[in-house]
Protein chains: 2
Amino acid sequence: MKSYRRVLPLLTAIVLSALTGTQSGVAQTLQDVMKERGLTEKDLLAAAKTYVPTGKRDDYLVFASGGQSGQVIVYGIPSMRILKYIGVFTPEPWQGYGFDNESKAVLAQGKIDGKDITFGDTHHPALSETNGNYDGEYLFINDKNNPRIAVIDLKDFETKQIVVNPILRSEHGGAFVSPNTDYVMESSQYPAPLGGGYVPLDKFNDSYRGAITYWKFNRQKGRIEPENSFAVEVPPYSQDLSDFGKLDSDGFSFTNSFCSERYVGGPGRPPFEAGCSASDTDFLHVVNWRKAEELVKAGKAKQINGFNVLPMEVAVAEGVIFLIPEPKSPHGVDVTPDGKYVVVSGKLDTHTSVFSIEKIKAAIQAGKFTGKDSYGIPIIGMQDTLHTQVALGLGPLHTQFDAKKCIAYTSLYVDSQVARWDYCEGKLLDKIPIHYNIGHLMTMHGDTVAPEGKYLVALNKLTIDRFNPVGPLHPQNHQLIDISGDKMALLYDMPLPLGEPHYAVGINAKLLKPIISYKLGTNSRTGSESPFKTRPGSEKIVKDGNRVEVFGTLIRSHITPDIIEVEEGDEVTLHLTNLERAEDETHGFAISGQNIQLSVEPGKTVSATFVADRAGVYPYYCTEFCSALHLEMEGYLMVRPKGLQPVSMTESKTVTTFTKVDYDRQYQKNVDTQKVIDEVVAFITTRNYKDFSAVVPQVEDATDQLNFANDAKSKAEDYAAKGDWQNAALWANQWWQYQVKAADIGMRAKGYLEQHGAKEVGK
Amino acid sequence: MKSYRRVLPLLTAIVLSALTGTQSGVAQTLQDVMKERGLTEKDLLAAAKTYVPTGKRDDYLVFASGGQSGQVIVYGIPSMRILKYIGVFTPEPWQGYGFDNESKAVLAQGKIDGKDITFGDTHHPALSETNGNYDGEYLFINDKNNPRIAVIDLKDFETKQIVVNPILRSEHGGAFVSPNTDYVMESSQYPAPLGGGYVPLDKFNDSYRGAITYWKFNRQKGRIEPENSFAVEVPPYSQDLSDFGKLDSDGFSFTNSFCSERYVGGPGRPPFEAGCSASDTDFLHVVNWRKAEELVKAGKAKQINGFNVLPMEVAVAEGVIFLIPEPKSPHGVDVTPDGKYVVVSGKLDTHTSVFSIEKIKAAIQAGKFTGKDSYGIPIIGMQDTLHTQVALGLGPLHTQFDAKKCIAYTSLYVDSQVARWDYCEGKLLDKIPIHYNIGHLMTMHGDTVAPEGKYLVALNKLTIDRFNPVGPLHPQNHQLIDISGDKMALLYDMPLPLGEPHYAVGINAKLLKPIISYKLGTNSRTGSESPFKTRPGSEKIVKDGNRVEVFGTLIRSHITPDIIEVEEGDEVTLHLTNLERAEDETHGFAISGQNIQLSVEPGKTVSATFVADRAGVYPYYCTEFCSALHLEMEGYLMVRPKGLQPVSMTESKTVTTFTKVDYDRQYQKNVDTQKVIDEVVAFITTRNYKDFSAVVPQVEDATDQLNFANDAKSKAEDYAAKGDWQNAALWANQWWQYQVKAADIGMRAKGYLEQHGAKEVGK
């Protein structure tokens, strides 16, 4: 009864405050809400475990593949709120991905046979690791359909590189990283002639091949180095998933396969599925990749399309590759956190098999093989290497691990369940139903040397009736499961609105340290200063023949230049630099009818090239609602018909004329506004605002705006001195616009300091 | 104390069950969870109000613009879970949008000046209405940057039509529908010469124009009819938002504006923002669109690019258009549910103005004008038409309405607040802070004749520090607010991961009745039967010169044909029909390196054309994880070098050979499997399964699979009779594959019937 007493007072307080509405102003009781919404007590507990209150953060971030959307999805745990879609293989205009020249260059790296590929079938994201655990620096993801790997920098969550696999036509076993991210693995799926080219199917066994690719990652540069990468040739079995060994199994990698029957369908023959699952076992490929690396360095690789490929015969002769029979049509191959075991599930078998690294090594050491496959690769006996087999249920697929020793979780596709089990003892512990037909599953840091447990996500392949219907194409369904207790407990059903995630990785949010802005003038895709960086005041339009280069800037709330005049047929390149420093002060930029949509985050410089091929008048504007005067952040691209002379715009054509009265009125308004600003400035500068990293750039931006205001003030006064009231009034108005912006930013900074307990300096 | 007693027993029960873990197996107490996660009592209540338990549905669906992503976002209230991104203006591979020929044809309708535009800047979604309230049939959305309107059918949540505005270069005041969806409104933003062409800026006042477009919607066809549509020419003020009148104001429409100064920036001149907000008032445009419609029918329109445009002088002469001064730089213009008032907020003014329709009509009737603008349009006095003005706060933008009479909600951009107020009495009632800088806001059915109140969503423009950081480009932030009580209460912060939604509409989920599958062989974009519909068994490859047409089918788990051989340089067109009927049984289809990614929902037929321009071997496969044998749902596109003769594949090249032993073993397995299936069939057929609409298509699909199984069984037995054990065993295996699929579907149907209380027939 001790715990009971401990709980009751708080809940009584909740009841009372809910009844009287003293806290929230909401007079409804919790009971009313539960009754009205049909919530059970279990639901309430799940709600409490997943709700993240306003302004609070999630504990873990998940990076999920976006499946056929070709993107990466980022969401939080436990709230399951999606925070971002990162453009990877598919152009995406909100982020300007594939619209600015810088990101087009990244996508162009992903061309295949010279062809633009405007999507990817992303499958397996991998986080960079240091000593076998996540370090929060990089993310890698593969494209099954067009064999490619992308590199995403977690400093800004942008795709920096795409490498095309030069020898494969299809892959699945990537991306997986070695314990210190020296290599990123990518293994083939459907066999084909390595390096491309046509070979008729009757030569399938002789000329079709798979390969396991080890991409060298240069962490300092943050880029994959194809010239220092290599692949190991493997038989035309359909290789599937892979994993790197770690600790006890460090230096090895594991890749399983299906259709080791090498069956091929065709007219009048049963389809692939008939012959591809006829045998009782397929082959687990065990590769000593460290030895392979040495052999490649020693020049034992052949070159295919300029890429290092270690031939099968060399790999066999040098003891690089071995096969172990595994239950038919396996899907997952997962190395345990201690590196001592490899867990494999044959999806058409009810057993999950645990292979012992020690036994595998011993068999290799002893040369104890049961035979060779058709390609001469030594086969190690299944029974000689098994630690245990456990009957978990129907359609076992993938396995992830808990912080608790020996505890694993395996997805059961056909049973639509997750099994919790002990891989040391070989014992089933618990099961939980999911909806429907789970593929991968994921625990926090669950594929590292130090799983954190706590949560499990079931990546379900079907959704059917779980959410409000939205037409024949359904969302996907990720289910969050609490694995901290004795029994697994379902917490949350999350629809995925775009793309079918295949796999996901969950990282402790503390490990991520993304930036909020770029150093002024950064080309974010290369990470270096853009040659087109433009400082305020140095905006210009440079014409050279039929080429026009515009060096422009963006700041609340104008685009400089705001009139760009070119001649029909000119090739126009825009270079735009966002002058803001403050967090979240992104500006967009779009031109009517020109297919230009840019996203320019604070400090970034982006470029875009297009041909102004049709005379006309094309408005452009900022596409992010950046400030109160956002709609006025506009301009015109004027495309003059070929040969027509430019017309200088006379100001007299502006219908609204301004007088001394307008000027004086605006001047007085500005003087009053300045008093308010001075108060805000006084508040901020007498606080320890420099201790608040979010506020410092705001103060810098506000100071910029005040400097601009002073410039405009000078201009207004100069025109007034000359009695030019039209320009005097306009500049007085612009002076006020800068004041408004300074005040807006200042107010936000002041509010932040108040809410975050800033102290008065010297008190 | 009465309510207190009513509540306590339940909460005590919660405490007890949480303590003992009897219900969920979770031994943690609610108190522990609240303490550990730092939840307040208010947080718990908000969690209870927004959590939607597994398998339950949301009450409202929201359709939000996807901003620069060019898509539409669908999410649920109160859970704020995103259910779908609908491809509208931007190609999106997951849904095959812009990848299959059918959807390419929709996107091609959106070309501008012959150019592909691969994004849109979507702003304002509008739901179709019947008698001024939502009917759940259609959704319209505009593209600000490339003036276009898209039509989305809510039967399948697919984009069916894109119409390009033939006279504008920029728009903002769309989409809004008339009370019976006869017309969809789209009004200009930045002025330009109507119909295109170059005119220098010194002719701005004379030759630049805006226009308010009324697109005729044919509900029976579900399509906009450009030939029956028209526009009303308006001055080169920057028109902004619009709304249709209803009830008392039916027949009128309202469009406001900024920059009625007609200021233009340029080299050496202050930017647009200076001159565009210099005056104290801009103009609200009042249009008698019914009269305009009559005049157009009477032949009073001129033709610009073949489109009906009612000239300003005709509109003025015939009493179609009037102007009313409104506070400077307004954003929202919103007609009250009773149609009696129009609410306008000048964002640089602290007042929100309520104009009376009765007074507007009276002034027009009496010919009481204060003057004319430069274009001869009569100006009605602001004071003559105002019902009231209310000082709500800084930066008022948009207004929506409550179910309660006279209650309105207005967003305050600069103050970052929502104001609740009474527009009849002109009284401020309540305010709630939001984070940060709210743009639009939205209540349930809040822009119709019958708002439902309950919830309000704040569409905030900045997010800054509200969520886990994900780099310089932040998510957007929608906040859900409970408006059912006396005080507004914040319930939920929702990040938006892709695109900046400008406006959203929330509809009662009961009004939506989407389909789950198509009639076999449907071209979903036209809604009619595809000429390329292919039935099982009639798959074929037709060659005609260098054109190859493939008529294929998709069903768990094979693609027919599974080998497609063509010659280098052939133009290949694939037609694929998904034979499934069951909910969520979508198949995907991608070919390596050919930029082909299709999404084929149950019953759909899609086509894709590409040139096989490079000899080689290209695997293809299903990209949706559709079944246990999903990975084996594969095939090969063989592109033969020009001139090379085809090679017939001999079966002897299949390495794995099968014997009588294999056949007998498989045969026995199949006989055993059939017993299990028979039991499932017996269960289903003795229940009233026909009363369950989700189960009927499952039973049909399972029956299909059993028929296929019987065919395969016959083949196996025939080969066995001939002593061809290779083919006998393969077909026996395929027979089993069909059995597995039938069992899988049958098990799902059985489970559904058990969970949903199906009754035994005759009992």
Inset, instruction - Identify all lysines with a Cα-Cα distance to A:LYS368 below 21 Å; exclude those on the same chain that are fewer than 8 residues away in sequence. - result: A:LYS291, A:LYS340, A:LYS359
Legend entry - Unpartnered cysteines - no second Cys beta carbon under 4.7 Å - across chain B: B:CYS622, B:CYS626
Legend entry - Förster radius 51 Å - calculated FRET efficiency between A:ALA682 and A:VAL542 (Cβ-Cβ, nearest 0.05): 0.70
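Summarise the partner chain shielding of A:189-196 as one whole number: the mean count of Cβ atoms from other chains within 10 Å of each residue's Cβ.
Values: counts 5, 10, 3, 6, 2, 0, 1, 6.
Rounded to a whole number, the mean comes out at 4.
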Inset, instruction - Starting from a label point 7 Å past Cα on the Cβ side, list the distances from B:ARG547 to the same position in the other copies, nm, shortest first. - result: 4.2
Inset, instruction - Would you mind pulling out the separation of the Cα centroids of the range B:343-376 and the range A:231-250, in Å? - result: 74
Inset, instruction - For the range A:559-588 and the range A:402-439, write down the distance between their C-alpha centroids in whole Å. - result: 54
Inset, instruction - Calculate one ³J(HN,Hα) per residue across the range A:248-257 by plugging θ = phi - 60° into the Karplus curve 6.51 cos²θ - 1.76 cosθ + 1.60, and present them in order as whole Hz with x for glycine and proline. - result: 4, 10, 4, x, 9, 9, 10, 9, 9, 7
Inset, instruction - List the distances, in nm to one decimal, from the label point of A:LYS111 to the label points of the same position in every other copy, shortest first, placing each label point 7 Å from Cα along the Cα-to-Cβ direction. - result: 2.3
Inset, instruction - Find the centroid of the Cα atoms in the range B:89-158 and in the range A:40-109, then give the distance between the two in whole Å. - result: 24
Legend entry - Inter-chain Cβ neighbour average for residues B:34-42, partner chain, 10 Å: 6
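Taking Rh as the Kirkwood radius computed over C-alpha pairs, what is the Stokes-Einstein D of chain B at 10 °C in a medium of viscosity 1.306 mPa s, expressed in µm² per second?
Numbers: Rh = 29.7 Å.
Answer from the Stokes-Einstein relation: 54 µm²/s.
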Inset, instruction - Starting from the range B:208-292, pick out the trypsin sites (Lys or Arg not before Pro) whose DSSP state is loop and whose Cβ has at most 12 other Cβ atoms within 10 Å. - result: B:LYS221
Legend entry - Innermost chain B residue relative to the axis carrying B onto A, by Cβ distance in angstrom: B:ALA47, 2
Legend entry - Links that overshoot a 26 Å alpha carbon limit, given the list A:LYS540/A:LYS690; A:LYS49/A:LYS427; A:LYS42/B:LYS56; A:LYS111/A:LYS328; A:LYS49/A:LYS84; A:LYS427/A:LYS454: A:LYS540/A:LYS690; A:LYS49/A:LYS427; A:LYS111/A:LYS328
Legend entry - Residue order, fewest to most beta carbons within 10 Å, for A:HIS502, A:HIS387: A:HIS387, A:HIS502
Inset, instruction - Using θ = phi - 60° and the Karplus relation 6.51 cos²θ - 1.76 cosθ + 1.60, list the HN-Hα couplings for the range B:160-174 in order, rounded to whole Hz, with x at every Gly or Pro. - result: 10, 7, 10, 10, 8, 5, x, 10, 9, 10, 6, 8, 8, x, x
Inset, instruction - For every other residue with a beta carbon closer than 9 angstrom to the beta carbon of A:TYR183, add +1 if it is Lys or Arg and -1 if Asp or Glu, then tell me the sum. - result: -1
Legend entry - Total charge dipole magnitude, chain A, about the Cα centre, Cβ charges on Lys, Arg, Asp, Glu only, Debye to nearest 20: 1040
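Give me a single rounded figure for A:199-207: the average over its residues of other chain Cβ atoms within 10 Å of their Cβ. Show your work: numbers first, answer last.
Numbers: counts 5, 11, 10, 7, 3, 6, 3, 1, 1.
That average works out to 5.
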Legend entry - At 1.002 mPa s and 20 °C, Stokes diffusion of the range A:94-188 via Kirkwood alpha-carbon radius, µm² per second: 157
Inset, instruction - Provide an ascending nm list, one decimal, of label-point separations from B:GLY299 to the equivalent residue in each further copy; define each label point as 7 Å from Cα along Cα→Cβ. - result: 9.1
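In Å³ and rounded to a whole number, note down the convex hull volume per residue for the Cα atoms of the range A:210-264.
Details: hull volume 5.8 nm³, N = 55.
Considering the Cα atoms of the range A:210-264, their hull volume per residue is 105 Å³.
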Inset, instruction - Quick one: work out the % antiparallel among DSSP beta bridges in chain A, nearest 5. - result: 90
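Would you mind putting A:310-319, B:76-85 in packing order, based on average other-beta-carbon counts within 10 Å, highest first?
Working: A:310-319: 17.5, B:76-85: 24.3.
Descending packing order for the listed peptides: B:76-85, A:310-319.
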Inset, instruction - In Å³ and rounded to a whole number, note down the convex hull volume per residue for the Cα atoms of the range B:669-728. - result: 80
Inset, instruction - Rounded to the nearest 0.05, what FRET efficiency do B:ALA366 and B:ASP116 give with R0 = 51 Å and r taken as the Cβ-Cβ distance? Could you check? - result: 0.45
Inset, instruction - Calculate the all-directions average of the projected area of the range B:374-478's alpha-carbon convex hull, and give it in nm². - result: 9.7
Inset, instruction - Return one number: the angle in degrees, 0 to 90 and rounded to the nearest 10, between the long axis of the Cα atoms of helix B:2-20 and the longest principal axis of the Cα atoms of chain B. - result: 40
Inset, instruction - Name the residues whose placed amide hydrogens come within less than 5 Å of the amide hydrogen of A:HIS124, ignoring near sequence neighbours (fewer than 5 apart) on the same chain. - result: A:ASN142, A:ALA175
Inset, instruction - Let me have the 222 nm mean residue ellipticity of chain A computed from DSSP H runs of 4+ only, each contributing -39500 (n - 2.57), with the sum over all residues rounded to the nearest 500. - result: -7000 deg cm²/dmol
Inset, instruction - Just tell me which lysines come within less than 17 Å, Cα to Cα, of A:LYS543; anything on the same chain fewer than 8 places away is out. - result: A:LYS642
Legend entry - Dimensionless Rg over Rh [the protein assembly as shown; C-alpha; Kirkwood]: 0.98
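Where does the charge balance sit around B:VAL418 when Lys and Arg score +1, Asp and Glu -1, over other residues with C-beta under 10 Å from its C-beta? Mind dumping the intermediate values first?
On the way: positive: B:ARG420, B:LYS431; negative: B:ASP415, B:ASP430.
Local charge sum for B:VAL418: 0.
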Inset, instruction - Would you pull out the residues with amide H under 5 Å of A:ASP373's amide H, same chain only if 5 or more places away, H placed 1.01 Å from N? - result: A:ILE379
Inset, instruction - Would you please put B:474-485, A:626-637 in order of how densely packed they are, using the mean number of other Cβ atoms within 10 angstrom per residue and starting with the highest? - result: A:626-637, B:474-485
Legend entry - Angle in degrees between helix A:695-721 and the longest Cα principal axis of chain A, rounded to the nearest 10: 30
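Where a number appears in this text, it was derived from the coordinates with a stated rule and is not lab data. Everything numeric here is computed off the predicted structure, so don't read it as measured data. With ideal geometry, Cβ positions are generated from the backbone for all residues, glycine too; neighbour counts draw on all protein chains shown.
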